[in-house]
Amino acid sequence: MRKLHPLLPLLFFLVCFLFMLGVMPKVSAETYTADFLTFGTGARPLGMGNAFTAIADEASTTYYNPAGIAQLTHHEFNFMHATLADLASYNVASYIYPFKYSKQSKKMTFGISWLRVGVDDIPITGIPVTTKAIGPNNRPYVIGTFSNTSNAILLSGAAHLITLPQNITIDVGTSLKLLYIDTYRNTNAVGGGTDLGILAKTNPNKAAAFSFGIVGSDFLTTKLYWNTPPASEYGEGEGESPHTETLLPRLKLGIAYHQKLAVFNSRFTLAADVDTRNDYEFHTGAEYVLFELLALRCGLDGRNGTSRAMYFTAGAGLQLRFVTGAAFHVDYAYQSQPDLGISNRLSLRVKF
């Protein structure tokens with residue numbers, strides 16, 4: 001009688017737990033808590049409408065599905081830059097480190113990502129005589145500057161769990177999120193949370209293949225703890241009371257179809273995600289790669305705020321691959337939103 005893999009009970013528990021996240025009743029929480037974590041990372045995923053849960057095959061997947069980094073066999077660095085609303089700078093840097101830990105060539109993969117959204121050098125002004133109105137003899141002057149920044153560090157780990165019949169592979173991974181937000185008058189918040197991911201793939205060597213992703217985001221809840229700024233630091237206002245904001249657990253499900261094509265030595269990927277955030281947000285995207293050189297992408301990025309909307313995204317990429325397995329990628333993505341304007345993202349990805 002064939003013995004069960006010792007990690008199968010763990011997989012069963014993870015699937016059941018993630019299912020419970022999807023069906024459990026939602027309770028109220030701060031909708032915009034740490035909303036910078038909803039911007040996505042990487043120009044390639046954005047060009048596909050952020051439908052990346054079931055693809056998860058580059059360094060930015062520490063954000064989308066931590067289980068995906070188990071696919072990566074090379075060291076990989078990814079850097080992205082974007083400007084939001086012509087004001088805030090959004091930067092992401094990720095690094096992937098795979099290593100073998102046994103004589104049987106068993107492999108684990110670790111990743112680290114840093115996300116930063118911020119507006120720097122915002123002037124703080126005052127007037128010489130506070131009891132007089134602003135005028136030619138009482139002009140405002142700059143007394144200092146401050147920055148409004150939101151930061152997240154993701155520490156990820158993933159490994160191959162089991163290969164099922166028909167060569168179906170299952171990988172699992174997790175990300176520890178460390179958050180730090182710094183605003184005016186030394187008001188800041190620190191916090192953390194955890195994401196848990198599963199990625200299943202059919203035989204990638206076949207011409208047609210499927211992949212499935214499940215992610216429990218903030219599955220132990222994510223907390224942000226705000227401090228109390230000194231009320232008199234700039235001689236104005238009263239200090240606010242310290243408080244805590246909470247991100248509740250949510251579920252992301254993704255499916256992707258991968259098709260290799262003989263014409264132009266190309267391949268095509270179609271992906272779709274659903275996120276239980278904000279009463280379900282949907283993402284769809286497609287990628288067409290020609291000659292392993294040029295990639296064309298498009299997608300629809302669902303966002304539910306004051307209203308439901310699906311925003312069109314598009315992108316392109318150039319890639320150079322070497323016989324050693326190393327590769328160099330440059331990716332661009334475009335998105336237009338009524339509230340944030342046009343967003344242009346540029347990513348540089350290097351495998352070595």
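Before moving on, here are some points about what is shown:
- Look at Ile122, Ile112 and count the other Cβ atoms within 10 Å of each Cβ; fewest to most, that gives Ile122, Ile112.
- Relative frequency of Cα-Cα separations exceeding 18 Å in segment 285-352, percent: 47 percent
- Under 5 Å, built H, 5+ apart or other chain: amide partners of Leu161: Ile170, Asp171, Val172
- Cleavage-rule hits, trypsin sites (Lys or Arg not before Pro), segment 92-163, DSSP coil, Cβ neighbours within 10 Å at most 16: Lys103, Lys106, Lys132
- Pairs from the table (Lys107/Lys223; Lys201/Lys351; Lys100/Lys201; Lys100/Lys177; Lys106/Lys351; Lys177/Lys252) lying more than 27 angstrom apart at Cα are Lys107/Lys223.
- Seen from Thr53, the other residues with C-beta closer than 9 Å to its C-beta sum to a net charge of -1, counting Lys and Arg as +1 and Asp and Glu as -1.
- Loop-located GluC sites (Glu not before Pro) in segment 261-352 whose Cβ has at most 15 other Cβ within 10 Å (DSSP): Glu292
- Gap separating the Cα centres of segment 291-330 and segment 48-106, nearest whole Å: 13 Å
- Ellipsoid semi-axes for segment 8-351, based on the Cα gyration tensor and the rule √(5λ), read 40, 23, 19 Å when sorted largest first.
- Residues Val172, Val190, Val323, ranked from the fewest to the most other C-beta atoms within 10 Å, line up as Val323, Val190, Val172.
We did not get these values from a lab; they are worked out from the coordinates using the rules stated. Model, not experiment: these values are computed from the prediction. No Cβ is skipped: glycine too gets one built from the backbone with ideal geometry, and neighbour counts run over all protein chains shown.
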